[in-house]
Amino acid sequence: MPHHDAVQYDFDTPPDRRRSHSIKWSRVAGRDVIPMWVADMDFAAPPPVLQALQTQIAMGDMGYAAPWPSLMSAIVDGIARDHDWNIDPDWIVLLPGVVSGFNLACLLAGEPGDTVATLTPVYPPFLSAPHNAGRKLVRSDMVQDGAQGGRWVCDFDDLAARCTSRTRLLMLCNPHNPVGRSFSRAELSQLGEFAVARDMLICSDEIHCGLVLNPNTPHIPLATLSEDIARRTITLMAPSKTWNIPGLSCAFAVIPDAALRRRFQRAAEGLMPHTNVMGLIATEAAYRDAHDWRLALLDYLRGNAELVQRSIASMPGIRTTPVDATYLAWLDCRELPKEKTQNPMAFFEANGVLMSDGRDFGAPGFLRLNFGCSRTLLNEALTRMQHAIAHI
Ligand SMILES: Cc1ncc(COP(=O)(O)O)c(C=O)c1O
């Protein structure tokens, strides 16, 4: 049973994004193609967020903003309420984006030429961040665990074999984009202990933590696992994915260790712009006043995730795994007949559905489907995919 009045919010009639400046929809401008790629949702931002932004607009003040106490306590209280993590406001470093945050973390990883490990497939900017910082990337491919419904898990033997004494940073994505995992306490402990044993830094991108759909796998912030793990961890969070405000460029790092925090801040000096006033206003309203909206959203997304699972199960040649978290489904298209689907992204785009190409995530033959949209649009996209496969 939903724990609130889900009809209070209407996710069935989203704004018409064809007429907006959306990246997602402008790629399909003038074409009958449903965009299910870049990770934002087609829903309007939560009413309290829009209201807070409107109040600021009415004041007319678009100057530089200094973070204020009720903003910081909205973040602190929201993280305690949603993730059972009590953080000190001093641990928070505001950022204009999570991607900036993990690129900065790479600059702190040992010396140029040292390596940064990550679990692949993964959100594409993870693959370039080490290089941007003059470090090298170490990829460890996740494997599917039959005992866990085919869910993707870390292959610890592989990870250990690939890391050397020059691997100075472990970059994690939890919940994981694109495989949709919300990692268990046991898995996270093993990853954290792995980094402790090798005296590595950890950067934990938890941007999707508010989007856990599976009640059996609640989000566990990595830094809550032990003191040893916390003092080497840079956690990155943001209101952007959960409350659908990524265009407002607002995020933050949580860094409990004062020395590590100072190194991170020093690396940012002169490079990181101020967080913008509208993003900060929206952040406060999202964490403090849009809790009900988030719960209603999760109910809606659970319905969409079930529809995706059912529908993909009826498509020969495509396999997927249950989505614990995120509004992203990871589709294994490697068994589609090769003649016409050498490039699965191009095949489905030609048939009216645009998804993200697995190659960008380090996994050719896969697609990422964004189901953060109205049920009607999702149904239409899945029907187009079924037809496309039936007529290969
Ligand atoms: C795992 C992950 N990290 C970071 C981002 C982007 O963060 P930002 O826009 O704050 O740089 C995304 C967006 O899809 C993401 O999925």
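The values are calculated or read from the model by the stated rules, or taken from the named source; none is laboratory data. Just so we're clear, the structure is a prediction, and the values are computed from it rather than from any experiment. Because the Cβ atoms are built from the backbone with ideal geometry, glycine has one as well, and the counts that use them run over all protein chains shown.
Just checking, does the stretch 105-124 include any residue being in contact with a Cys (Cβ under 7 Å, 6 or more places away or on another chain) and within 22 Å of Glu284 (Cβ to Cβ)?
Taking every residue of the stretch 105-124 in turn, none turns out to be in contact with a Cys (Cβ under 7 Å, 6 or more places away or on another chain) and within 22 Å of Glu284 (Cβ to Cβ).
For residues that are more than 22 Å from Val99 (Cα to Cα), hydrophobic (A, V, I, L, M, F, W, C) and buried (at least 16 other Cβ atoms within 10 Å of the Cβ), tally how many sit in the stretch 152-190.
Of the residues in the stretch 152-190, 5 are more than 22 Å from Val99 (Cα to Cα), hydrophobic (A, V, I, L, M, F, W, C) and buried (at least 16 other Cβ atoms within 10 Å of the Cβ).
So, in the stretch 148-191, how many residues would count as being at pLDDT below 95 and in a strand (DSSP E or B)?
Of the residues in the stretch 148-191, the ones at pLDDT below 95 are 148-151.
Among the residues that remain, those that are also in a strand (DSSP E or B) are: 151.
Of the residues in that region, 1 qualify.
Do you know which residues across the stretch 7-31 are in contact (Cβ under 8 Å) with a residue 12 or more places away in the chain, part of a loop (DSSP other than H, G, I, E, B) and within 21 Å of Glu349 (Cα to Cα)?
Ser22, Arg27, Val28 - these are the residues of the stretch 7-31 that are in contact (Cβ under 8 Å) with a residue 12 or more places away in the chain, part of a loop (DSSP other than H, G, I, E, B) and within 21 Å of Glu349 (Cα to Cα).
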